[in-house]
Each structure stands twice: as C-alpha cells, then as structure tokens.
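Student: The structure under discussion is supplied below as structure tokens; questions concerning it will follow.
The values are calculated or read from the model by the stated rules, or taken from the named source; none is laboratory data. What you are looking at is a predicted structure, and each value in this text was computed from that prediction instead of being measured. Because the Cβ atoms are built from the backbone with ideal geometry, glycine has one as well, and the counts that use them run over all protein chains shown.
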Amino acid sequence: MPASKVNRFRRKLESLASLSLLDGDLVDRMLLKQDLAPARTDLVPQHERSGGRLVLMEGFACRYRNLLGGRRQITAYLVPGDSYDLDTVLESDTDHAIMALTPVRAVRLSPAEVSVLMREAPAVGEALRRAARIEEATLREWLVNIGGRPALARIAHLFCELDWRLKAVGLVEDDRFEMPITQYDLADTAGLSSVHVNRTLQDLRRQGLIALAGRSLTILDRTTLQALGDFQPHYLRHRVAA
C-alpha cells in the first residue's frame with residue numbers, strides 16, 4: 001500500500017479554516033510517521049484507555065459498538081482525512097471501537113504532539129473544532145436516518161453523504177468513488193438485515209440511481225438519489241467563506 005502524495009488530512013483542514021503555508025507545512029511534518037494496519041482489525045479497541053490520537057491517511061474505517069448476542073452497530077464511517085480525538089486533550093476509556101474496513105495507513109499522535117500543533121498553528125485548532133461540530137451534526141442526522149426513514153431512503157442518504165464527504169477530499173472521479181463497505185456493514189449501519197440491504201441495493205440499481213462494480217459505486221442520478229434520501233448537505237457545510 002504505497003503512500004499517497006496527497007495529504008487528505010491537510011486538504012480537509014484547509015476546507016474548514018484558513019491555514020497559512022507554515023501551518024500546512026507543520027501538519028505535513030507531524031504526519032510523516034505512518035503505520036499500516038490490515039483490514040478488519042481494530043485500530044482502537046473498545047474500552048481501551050489510551051492517550052493516542054489517530055489520523056486516517058488512507059483507507060476506510062468505522063466506529064462501532066458490540067451489542068448483546070454478537071450483534072454490532074456501526075455509528076460512523078471514517079474516510080481519508082478524518083481523525084479521532086484530536087480536538088480533545090482529555091484521556092478516558094473509549095466507549096466504542098474503531099475498525100479498519102480496508103487496509104489503512106494511519107498516524108498516531110501523542111497528546112503532547114497535538115498540543116504543539118494547536119499552539120503553533122491556531123488555525124488547525126479552529127479547523128478541528130469545526131470538524132467536531134460536523135461529526136456531532138452527522139451523528140444527529142444518522143439518528144434521524146435510522147429512526148425516521150424507510151430502508152430505501154436510509155441507504156440512499158448514506159450514499160449521498162459518502163459522496164459528499166469523499167468529494168471534499170478529492171476522492172470522487174466521474175461520480176464514482178471507492179465503496180469497500182460490505183452489505184453486512186450496511187446492515188449494521190442502517191439497522192436492517194443483510195437480505196433487506198441486498199433487496200434495497202437491487203431496487204436502487206433497478207431505478208437507475210446507482211451502479212455497483214466490484215469495490216466502486218457510481219451515482220448515476222444524483223438529484224433523484226438526494227431527493228429519495230431526503231439528503232440536504234447543510235450539516236456537512238462548516239466551510240470557510242469564499
């Protein structure tokens with residue numbers, strides 16, 4: 001898994017706050033030491049007490065909780081450029097786990113390194129606070145999605161959200177993006193059975209809204225898909241004014 005020449009984390013920060021060249025260079029230097037992790041392994045185990053902070057440089061991951069009976073609930077997806085706990089200096093036991101869905105490349109920063117970054121580049125701290133507000137708004141949107149929308153709309157909304165987030169870090173090309181999320185993952189995200197997810201995906205394809213090929217998804221009719229999923233991206237728009 002060769003390292004990408006594009007720093008997705010820096011690109012995300014620059015979309016949220018006005019970073020100077022010196023700020024950006026400091027971010028780049030902080031992220032030079034990257035670790036590889038295989039797919040389907042925990043990057044952060046549940047109930048672990050760790051002072052480490054995580055930046056996802058490449059690959060996909062998810063936040064999840066294990067439930068009674070061996071079930072699992074996915075509560076968020078992490079895409080390249082996302083981070084874990086960079087906006088807080090408090091240490092506590094994690095109430096959820098973070099698992100790599102694909103092979104990933106990630107950076108672990110100590111609380112001291114994060115403090116240096118925020119002290120020497122205050123704009124980075126502002127960007128991280130805005131990112132935290134987006135995460136909170138996204139969690140509320142997921143609650144509405146699972147609790148208030150039918151299956152077809154739930155999956156449509158999720159695909160629209162992934163499209164928007166991946167486009168923000170330059171990972172959508174010709175309306176197509178990498179889609180390594182399995183039907184079992186989608187079921188654990190949307191509160192559906194894998195059989196129901198399969199039928200829902202077939203319905204979306206039959207309506208000509210999406211195309212799935214291998215590990216990629218193409219949105220064929222974005223306007224209709226957004227209307228079907230009641231997707232309004234205002235909760236993802238904590239952007240710098242032009």
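Student: Hey, any hits in the stretch 155-162 for a residue that's closer than 22 Å to GLY59 by Cβ, at pLDDT below 95, touching a helix residue (DSSP H, G or I) at 6+ places or on another chain (Cβ under 8 Å) and assigned to a helix (DSSP H, G or I)?
Tutor: Looking for residues that are closer than 22 Å to GLY59 by Cβ, at pLDDT below 95, touching a helix residue (DSSP H, G or I) at 6+ places or on another chain (Cβ under 8 Å) and assigned to a helix (DSSP H, G or I), one finds none in the stretch 155-162, hence no.
Student: Output the residue which, of all residues in the stretch 212-232 that are surrounded by 14 or more Cβ atoms within 10 Å (Cβ to Cβ) and closer than 25 Å to ARG133 by Cβ, is nearest to the chain's Cα centre (by Cα).
Tutor: Among those that are surrounded by 14 or more Cβ atoms within 10 Å (Cβ to Cβ) and closer than 25 Å to ARG133 by Cβ, it is PHE231.
Student: Inside the stretch 94-136, can you point out the residues that are surrounded by 15 or more Cβ atoms within 10 Å (Cβ to Cβ), assigned to a helix (DSSP H, G or I) and of a type in the set (A, V, I, L, M)?
Tutor: Listed by number, the residues that qualify are VAL114, LEU117, MET118, ALA123, VAL124, ALA127, LEU128, ALA131, ALA132, ILE134.
Student: Would you pick out the residues in the stretch 163-188 that are surrounded by 15 or more Cβ atoms within 10 Å (Cβ to Cβ) and part of a helix (DSSP H, G or I)?
Tutor: ASP163, TRP164, ARG165, LEU166, ALA168, GLN183, ASP185, LEU186, ALA187, ASP188
Student: Across the stretch 189-211, which residue is surrounded by the most Cβ atoms within 10 Å (Cβ to Cβ) among those that are part of a loop (DSSP other than H, G, I, E, B) and free of Cβ contacts under 8 Å to residues at least 40 places away in the same chain?
Tutor: Here is the first cut: in the stretch 189-211, the residues part of a loop (DSSP other than H, G, I, E, B) are 191-193, 207-209.
So of that shortlist, the ones also free of Cβ contacts under 8 Å to residues at least 40 places away in the same chain come out as 193, 207-208.
Details: SER193: 13, GLN207: 15, GLY208: 11.
Among them, the one singled out is GLN207.
Student: Also: Select from the stretch 97-139 the residues that are closer than 27 Å to PRO180 by Cα and either polar (S, T, N, Q) or more than 19 Å from the chain's Cα centre (by Cα) (or both) and list them in ascending order.
Tutor: Answer for the stretch 97-139, where residues must be closer than 27 Å to PRO180 by Cα and either polar (S, T, N, Q) or more than 19 Å from the chain's Cα centre (by Cα) (or both): THR102, THR138.
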